[in-house]
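Input: a single structure, listed below in structure tokens.
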Amino acid sequence: MDPIEVTTARLRLRQWRDEDLAPFTALNADPAVMEFFPSVLSRAESDALATRIRGSIAARGWGLWAVEVLGVSPFIGFVGLEVPGPQLPVSPCVEIGWRIAAEHWGRGFAVEAARAALDVGFARLALPEIVSFTSALNLRSRAVMERIGMRFAGETFEHPNVPTGNPLRSHVVYRLAPGRG
């Protein structure tokens, strides 16, 4: 499948570029952005994540797109669809996710981009359902999930990649099927 790119009123969800790596490293090193992850990422970890993301898009034509604000900022983070690892209790599924630089929070960019990603998932990929999950403590991401029409499914799980005893280990699951948002 040819790589999918999407343009909204203010944003472009696009393929990753090499020049995205430095701002992606800064985003992943920001304690505010990474508050609900076990740790911030080093440059090597951030680059490895970007490589995995790019590989997923190359293989499927879709994934966690780089997000730019048209005419304002060439890279503010990522939003898109991903297939999480089989070790997660919600797998197999397609997940919607986002990570936006803190200086761009509060402007509706995550919601606008996530709605575009949902449209790709349902209208172009004909997915029967899209899920999202986060630490139960991450109220900001949970609010984005609700704004894009997802609903808490009443499901929780202990994330296997978060150490036992860490308060971030407990995750909540949100789900959305076509026509329900």
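Among the numbered conditions (1) closer than 24 Å to residue 177 by Cβ; (2) open to solvent by less than 20 Å² (accessible area, probe 1.4 Å); (3) among the aliphatic types (A, V, I, L, M), the only one that residue 127 does not meet is (2). In the stretch 134-181, what residues are open to solvent by less than 80 Å² (accessible area, probe 1.4 Å), polar (S, T, N, Q) and either over 25 Å from residue 113 (Cα atoms) or modelled with pLDDT under 95 (or both)? Once the filter is applied, which keeps residues that are open to solvent by less than 80 Å² (accessible area, probe 1.4 Å), polar (S, T, N, Q) and either over 25 Å from residue 113 (Cα atoms) or modelled with pLDDT under 95 (or both), the stretch 134-181 yields 166, 170. For the stretch 95-111, filtered to residues that are within 11 Å of the chain's Cα centre (by Cα) and outside any helix (DSSP H, G or I), the residue that is farthest from residue 7 (Cα to Cα) is 95. Going by the structure shown, is residue 114 within 16 Å of the chain's Cα centre (by Cα), of a type in the set (A, V, I, L, M), under 24 Å from residue 168 (Cα atoms) and surrounded by 15 or more Cβ atoms within 10 Å (Cβ to Cβ)? The answer is yes for residue 114. Annotation: of all residues in the stretch 63-90 being open to solvent by 30 Å² or more (accessible area, probe 1.4 Å) and out of contact with any helix residue (DSSP H, G or I) (no Cβ under 8 Å at 6 or more places or on another chain), the one that is nearest to residue 161 (Cα to Cα) is 87.
Here residue 32 clears all of (1) surrounded by 14 or more Cβ atoms within 10 Å (Cβ to Cβ); (2) under 24 Å from residue 140 (Cβ atoms) except the condition numbered (1). For the criterion of being open to solvent by less than 20 Å² (accessible area, probe 1.4 Å) and either touching a strand residue (DSSP E or B) at 6+ places or on another chain (Cβ under 8 Å) or closer than 20 Å to residue 143 by Cβ (or both), residue 121 passes. Set side by side, the residues 131, 120 differ, and just one is under 17 Å from residue 174 (Cα atoms) and either among the β-branched types (Val, Ile, Thr) or modelled with pLDDT under 95 (or both), which is 131. Can you say whether residue 127 is in contact (Cβ under 8 Å) with a residue 40 or more places away in the chain, part of a loop (DSSP other than H, G, I, E, B), under 21 Å from residue 40 (Cβ atoms) and not β-branched (Val, Ile, Thr), as far as the supplied structure shows? Against the criterion (in contact (Cβ under 8 Å) with a residue 40 or more places away in the chain, part of a loop (DSSP other than H, G, I, E, B), under 21 Å from residue 40 (Cβ atoms) and not β-branched (Val, Ile, Thr)), residue 127 does not qualify. Do we find that residue 38 is surrounded by fewer than 14 Cβ atoms within 10 Å (Cβ to Cβ), of a type outside the set (S, T, N, Q) and modelled with pLDDT under 95 in this structure? Against the criterion (surrounded by fewer than 14 Cβ atoms within 10 Å (Cβ to Cβ), of a type outside the set (S, T, N, Q) and modelled with pLDDT under 95), residue 38 qualifies.
The values are calculated or read from the model by the stated rules, or taken from the named source; none is laboratory data. Everything numeric here is computed off the predicted structure, so don't read it as measured data. For neighbour counting, all protein chains shown are included, and Cβ atoms are generated from backbone atoms with ideal geometry for every residue, glycine included. Only protein heavy atoms, including side chains, enter the accessible area calculation; ligands, DNA and RNA are left aside. Shrake-Rupley method; radii C 1.70, N 1.55, O 1.52, S 1.80 Å.
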